[in-house]
Amino acid sequence: MNTKIRRICGTLSAVAAGVGAGICAVAAPASAQPAIQPVVSAVAATTTVFDLNGLYSDFGSAVLRISDKNDILTIDMSSQHRPNANGVVINADTIIVTFPDAGTFTAKLVAPGTINWSNGSHWQKLAVVVVPDVVGQLKDKALAALQSAGLTASAQNYPTCETKPGVVDHQSPMAGLEVLPGSLVKIFVAVKPATACT
């Protein structure tokens, strides 16, 4: 019994000495301390009943874009000329969002893509198309690729010395962006400029 008590006391003394050394190190001048490494913990994002990222309709004129990064939500309200809203994922089927011009609301998520807000409104996730990358392709091939992706395409000449004539120099919107089917994508096809290239 005495041996156990001595072991426990010895362990407690070692812990106390360690804590004391830590306190002394904190009290020492900054120049005397080693650099403190921040502790970064990775927290897995909540898996919601459907992926929140994407475009939504409010069954009116609004097309809203939700971005979910590690359970932090940003809602682009620019289609309605309103400020962005911000919120968080509470659990797999609940979010809470603050709209700067309207207040804070909770919402229930219903698969496959419905958001039912606490004020009685509903949003529906829209089917989207990912804009393909056609930069560097010949004009006809680029137009065909955009049309086969379900997008409307238009081409205009772009005077430049940097890209071979007949090849797409750049596009708008940029590749990788999610847009509604049938959205217009403009391609800018390189042509020789009126002045000589140097």
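None of the figures in this text is laboratory data; all of them are computed from the coordinates on show. Only a predicted model underlies this, so the values are computations on that prediction, with no experimental measurement involved. Using ideal geometry, Cβ is built from the backbone for each residue, glycine included, and neighbour counts are taken over all protein chains shown.
Scanning segment 78-95 for residues that are under 21 Å from residue 177 (Cβ atoms) and crowded, with 19+ Cβ neighbours inside 10 Å yields a single hit, 85. Screening 127, 142 for residues that are aliphatic (A, V, I, L, M) and either over 30 Å from residue 51 (Cα atoms) or crowded, with 17+ Cβ neighbours inside 10 Å (or both) leaves exactly one candidate, 142.
Might you let me know whether segment 107-129 holds any residue that is of a type in the set (Val, Ile, Thr) and touching a Phe, Trp or Tyr at 6+ places or on another chain (Cβ under 8 Å)? Walk me through how you get there before you give the answer.
Applying the first criterion (of a type in the set (Val, Ile, Thr)) to segment 107-129 yields 110, 114-115, 128-129.
Filter once more, so that each one left must be touching a Phe, Trp or Tyr at 6+ places or on another chain (Cβ under 8 Å): 114-115.
Yes, segment 107-129 contains at least one residue that is of a type in the set (Val, Ile, Thr) and touching a Phe, Trp or Tyr at 6+ places or on another chain (Cβ under 8 Å).
When segment 110-153 is filtered for residues that are in a strand (DSSP E or B) and touching a helix residue (DSSP H, G or I) at 6+ places or on another chain (Cβ under 6 Å), only 153 remains.
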